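What follows is a short report on a single structure.
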Amino acid sequence: MPDRSIIGTVLGIPPVAALGVAVAFTGLGVLIDVLRIGTVGVIFKIGFFLGCLLAVMWVRRRSLFGPMVQPPLLVAVLIPVIVLLVGPPRSGGGMTETLLLVGAPLINSFPTMATTTAVVLAIGIGRLLLQRYDDPELRLRRATAGTTAARPATAKPTRPASSSGRIKRDGRKPGQTVADRARERAREKRLEAERAEAGDTTPAARPRGVSERRGSGAARGEARTSRSPRQS
């Protein structure tokens with residue numbers, strides 16, 4: 001996560017605060033050693049190493065550049081300033097004595113500065129490479145990609161290549177040629193014509209039966225009327 005320190009559950013500090021931590025530890029170590037022995041010593045080494053290490057571990061991940069490159073700058077700025085301010089009194093040797101007074105602590109601090117810079121760079125690069133996987137957006141992308149990859153591909157059922165039992169678009173059955181289909185159509189048309197003719201003749205016979213029934217009904221009516229006068 002971009003706002004976390006090296007510990008995922010602890011929020012990181014801004015780059016200015018990280019610089020202040022390193023300056024405080026380094027300046028305190030240089031001050032104690034200059035007042036104690038007149039040059040940098042063990043106290044400076046411990047304070048410088050701890051300050052730079054704490055800064056690169058506690059700073060936000062997105063602000064790692066400053067703490068990664070600050071160890072040489074701290075040595076080049078703080079040691080000369082503190083030595084000139086609180087160092088041993090000069091005997092008036094001029095510029096040469098001043099350069100020796102400042103250069104000796106710088107030379108003595110070079111091994112510590114190189115070691116601390118290497119450790120800080122290693123921690124910073126490790127955080128840049130490892131902590132990027134703690135980003136919620138990246139985790140969401142990985143989870144989505146994993147779900148998509150794990151989802152089985154549903155293959156569509158393939159239809160059999162054989163066309164048995166199917167009727168083609170032109171009405172042909174499997175194995176039937178165009179000529180056979182034409183003859184079959186002609187036969188169907190003839191059958192339809194015959195059925196139509198039979199349908200025309202069948203209704204003509206129906207009135208005959210109806211007329212016969214009507215005639216028989218009329219005869220029965222006349223018989224009834226002929227009988228009625230006799231009864232009277």
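In a simple Cβ point-charge model (Lys, Arg +1; Asp, Glu -1; nothing else charged), the range 42-135 has a dipole of about 220 debye relative to its Cα centre. The label point for Arg195 and the one for Asp3, both projected 7 Å from the Cα toward the Cβ, are 8.3 nm apart.
Using the beta-carbon distance between Val86 and Phe110 and R0 = 22 Å, what value does 1/(1 + (r/R0)^6) give for FRET efficiency, to the nearest 0.05?
Working: r = 21 Å, r/R0 = 0.97.
Given R0 = 22 Å and the Cβ-Cβ separation, E is 0.55.
If you take every residue apart from Val30 with its C-beta less than 14 Å away from the C-beta of Val30, what net charge results, scoring Lys and Arg +1 and Asp and Glu -1?
Numbers: positive: Arg36, Lys45; negative: Asp33.
Net charge in that neighbourhood comes out at +1.
Computed over neighbours whose Cβ is under 11 Å from that of Gly12, the net charge equals +4, Lys and Arg +1, Asp and Glu -1.
In what sequence do Lys45, Lys189 fall when counting other Cβ within 10 Å, fewest first?
Working: Lys45 19, Lys189 10.
Placing the least packed residue first, the sequence is Lys189, Lys45.
Between Ala122 and Val178, the simple spin-label model (points 7 angstrom out along Cα→Cβ) gives 8.6 nm.
The order of Thr26, Thr9, Thr144, going from fewest to most other C-beta atoms within 10 Å of their C-beta, is Thr9, Thr144, Thr26.
Rule-based calculations on the coordinates, nothing more; no lab input. Because the structure is predicted, anything quoted here is derived from the model rather than measured. Neighbour counts are summed over all protein chains in view; Cβ atoms, including those assigned to glycine, are modelled from backbone coordinates with ideal geometry.
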